[in-house]
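Asks: Attaching a single structure in structure tokens format; questions to follow.
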Amino acid sequence: MIDLAKVYRIIKRAGVEFISGVPDTLLNDFCLGLETYWNPTRHVLAANEGNSIALAAGYHLATNTVPLVYMQNSGMGNALNPLISLTDESVYSIPMVMIIGWRGEPNSGDWPQHQRQGELSPVILDALNIPYRVLDEDEDASLDAIEWAISEARKLSQPVALLVRKNVLSKKEKSGFEHVHQVYSLSREDAIKEIINQIPRDSLIVASTGRITRELHAIREYLNQSHEFDFLNVGAMGHAISIAAGIATARPDRQVVCLDGDAASLMHMGSLPITANLKLSNLIHIVLNNGVHESVGGQESVGYMASLTGIASSSGYETLGKFVSTTSELQQGVAILRASAKPAFLEVRIKKGMRSDMPVLKADTKALKHQFICSAVK
Ligand SMILES: Cc1ncc(C[n+]2csc(CCOP(=O)(O)OP(=O)(O)O)c2C)c(N)n1
């Protein structure tokens, strides 16, 4: 990994004042370091990558400085619209530097949901006429590339990118939160076990990207249950509830449950009032709220600051009017909300962290989809 103190120093020296982004595993030490090295009033961890581009554009418009945006390459899709219709040279020609975690780089052996994005990342940048360089473990070359990107963005008055390889801005996956103050005691694993206990065995479950899909899959293995009723949304962050709403619309006779993350549900929050106002009595949206982006390093989301239950109630969902945080509250909550005549929402406040021996998710996505369709159409 390259020396982060040097990275922040170069960025500051080159005149960058403002940073926004959505965290990524490949950038996780860079993102966590911002909490120590960067002025907190000049860093916004945004709901999605498109918002980050817009925040950076706003900061530029008010200061004429070059801002910086960080993201996983999965977020390039979210960033695309503002990159094309706001910052592009043909519109407002707004400079910024994008630091992009290059998941799925060809031959890196990454998971299926990252492979196409990895191949397409340079292609997308070329198509957008965004100049870019690759950051690798050669520290001097990477520090030079960062300086180049900032000066190039300023010179061209347009976005410039840095594609970041593994082990350059992050050390390794973080699973332990031993040194973090925990507000709640229920674990995500226990919450998921309890939820699947409380619903009919043939309920259709959609699980959100990251830890939730991984743990649901592992729990089924451990309980010796098949995976046929689970749709593991391994990518497409923020879209689990819309997938679940599509399923619930097609199968009003089946209980459908979406297991969502707090950051994922915030990413495309417009789907909440849309879902809440569908005429569905078979859908429960459950957010397992640990207050962080745990799957990519534990950077704070606003999950504990906002009232997700309040947002859901005012969106039109049936709720309990409060979050739950213990096993018995969770059991009662699911029982009450299963009887709802309209889409229901349950916020479960959980602690951060995962068992260190939790198996990684090695999913054959097409086989899982096939099984799911067979049991959903029955
Ligand atoms: C569009 C997009 N942006 C960023 C990511 C990287 N990413 C994967 S999981 C995750 C955080 C998920 O946090 P949350 O939904 O709260 O669940 P947790 O990991 O805390 O269980 C992020 C940012 C992604 N997969 N897709």
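Asks: Assess whether S325 counts as being within 14 Å of the ligand (Cβ to nearest atom) and either of a type in the set (S, T, Y) or within 23 Å of E189 (Cβ to Cβ) (or both). Lay out the reasoning, then the answer.
Replies: Numbers: within 14 Å of the ligand (Cβ to nearest atom): no; either of a type in the set (S, T, Y) or within 23 Å of E189 (Cβ to Cβ) (or both): yes.
For S325, the condition - within 14 Å of the ligand (Cβ to nearest atom) and either of a type in the set (S, T, Y) or within 23 Å of E189 (Cβ to Cβ) (or both) - is not met.
Asks: With respect to I130, is the statement that it is assigned to a loop (DSSP other than H, G, I, E, B), touching a His at 6+ places or on another chain (Cβ under 7 Å) and modelled with pLDDT of 95 or more true? Steps first, please.
Replies: Working: assigned to a loop (DSSP other than H, G, I, E, B): yes; touching a His at 6+ places or on another chain (Cβ under 7 Å): no; modelled with pLDDT of 95 or more: yes.
Against the criterion (assigned to a loop (DSSP other than H, G, I, E, B), touching a His at 6+ places or on another chain (Cβ under 7 Å) and modelled with pLDDT of 95 or more), I130 does not qualify.
Asks: What is the residue count in the stretch 152-163 for residues that are in a helix (DSSP H, G or I) and open to solvent by 10 Å² or more (accessible area, probe 1.4 Å)? Talk me through it step by step, then tell me what you get.
Replies: Going residue by residue through the stretch 152-163, those that are in a helix (DSSP H, G or I) are 152-156.
Checking which are open to solvent by 10 Å² or more (accessible area, probe 1.4 Å) leaves us with 152, 154-156.
Counting residues in the stretch 152-163 that are in a helix (DSSP H, G or I) and open to solvent by 10 Å² or more (accessible area, probe 1.4 Å) gives 4.
Asks: At least 1 residues that are away from the ligand (no atom under 15 Å from the Cβ) and either under 24 Å from D3 (Cβ atoms) or within 13 Å of the chain's Cα centre (by Cα) (or both) in each: list the helices (runs of 4 or more DSSP H) lying fully within the stretch 13-97 that qualify.
Replies: Working: elements: 28-37, 49-63, 76-85.
Counting at least 1 such residues, we get 28-37.
Asks: Ok, one more. So which residues in the stretch 263-294 are hydroxyl-bearing (S, T, Y), surrounded by fewer than 23 Cβ atoms within 10 Å (Cβ to Cβ) and either near the ligand (Cβ under 7 Å from one of its atoms) or closer than 27 Å to S187 by Cβ (or both)?
Replies: Quick first cut of the stretch 263-294, residues hydroxyl-bearing (S, T, Y) only: 265, 271, 275, 281.
If we keep only those that are surrounded by fewer than 23 Cβ atoms within 10 Å (Cβ to Cβ) too, we end up with 271, 281.
Correct list: S271 only.
Asks: Determine if the stretch 218-233 includes at least one residue that is within 11 Å of the ligand (Cβ to nearest atom), without any contact (Cβ under 8 Å) to a residue 40 or more places away in the chain and under 24 Å from K352 (Cα atoms).
Replies: Filtering the stretch 218-233 for residues within 11 Å of the ligand (Cβ to nearest atom) gives 233.
From what is left, the residues that are without any contact (Cβ under 8 Å) to a residue 40 or more places away in the chain are 233.
Then keep just the ones that are under 24 Å from K352 (Cα atoms); that gives 233.
The answer is yes, given that some residue of the stretch 218-233 is within 11 Å of the ligand (Cβ to nearest atom), without any contact (Cβ under 8 Å) to a residue 40 or more places away in the chain and under 24 Å from K352 (Cα atoms).
Asks: Can you name the condition, by its number, that A149 falls short on among (1) assigned to a loop (DSSP other than H, G, I, E, B); (2) open to solvent by less than 30 Å² (accessible area, probe 1.4 Å)?
Replies: So A149 meets the others, but not (1).
Asks: Would the stretch 339-354 turn up any residue that is out of contact with any His (no Cβ under 7 Å at 6 or more places or on another chain), open to solvent by 30 Å² or more (accessible area, probe 1.4 Å) and hydroxyl-bearing (S, T, Y)?
Replies: No, the conditions are met nowhere in the stretch 339-354.
Each row is one residue, and each column tells you yes or no for (1) at pLDDT 95 or above; (2) under 21 Å from K171 (Cα atoms); (3) among the polar types (S, T, N, Q).
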residue	(1), (2), (3)
D29	no, yes, no
L34	no, yes, no
R42	yes, no, no
N48	yes, no, yes
A54	yes, no, no
G58	yes, no, no
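Quick grid of which residues meet (1) over 30 Å from A335 (Cβ atoms); (2) within 16 Å of the ligand (Cβ to nearest atom); (3) of a type in the set (S, T, N, Q); (4) touching a Ser or Thr at 6+ places or on another chain (Cβ under 7 Å):
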{"position": "Q115", "(1), (2), (3), (4)": "yes, yes, yes, no"}
{"position": "R133", "(1), (2), (3), (4)": "yes, no, no, no"}
{"position": "V160", "(1), (2), (3), (4)": "yes, no, no, no"}
{"position": "S170", "(1), (2), (3), (4)": "yes, yes, yes, yes"}
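Asks: Since G316 meets every condition but one in (1) in contact with a strand residue (DSSP E or B) (Cβ under 8 Å, 6 or more places away or on another chain); (2) touching a residue at least 40 places away in the same chain (Cβ under 8 Å), which condition does it not meet?
Replies: (1)
Asks: Test S307 against the stated conditions and say whether it is of a type in the set (S, T, Y) and away from the ligand (no atom under 13 Å from the Cβ).
Replies: Numbers: of a type in the set (S, T, Y): yes; away from the ligand (no atom under 13 Å from the Cβ): yes.
Considered against the rule, which asks whether it is of a type in the set (S, T, Y) and away from the ligand (no atom under 13 Å from the Cβ), S307 comes out as yes.
Here is a yes/no grid of residues against (1) away from the ligand (no atom under 11 Å from the Cβ); (2) among the basic types (K, R); (3) part of a strand (DSSP E or B):
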{"position": "G235", "(1), (2), (3)": "no, no, no"}
{"position": "A245", "(1), (2), (3)": "yes, no, no"}
{"position": "D253", "(1), (2), (3)": "yes, no, no"}
{"position": "V257", "(1), (2), (3)": "yes, no, yes"}
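Asks: Given E137, E119, which one is more than 16 Å from the ligand (Cβ to nearest atom) and part of a loop (DSSP other than H, G, I, E, B)?
Replies: Working: E119 fails: part of a loop (DSSP other than H, G, I, E, B).
Selected residue: E137, the only one of E137, E119 that is more than 16 Å from the ligand (Cβ to nearest atom) and part of a loop (DSSP other than H, G, I, E, B).
The values are calculated or read from the model by the stated rules, or taken from the named source; none is laboratory data. As the structure is a computational prediction, the values presented were derived from the model and not from experiment. Positions of Cβ are generated from backbone atoms using ideal geometry, with glycine treated the same way; all protein chains shown enter the neighbour counts. When the accessible area is computed, the model is the full protein with side chains, heavy atoms only, and any ligands, DNA or RNA have been set aside. Shrake-Rupley method; radii C 1.70, N 1.55, O 1.52, S 1.80 Å.
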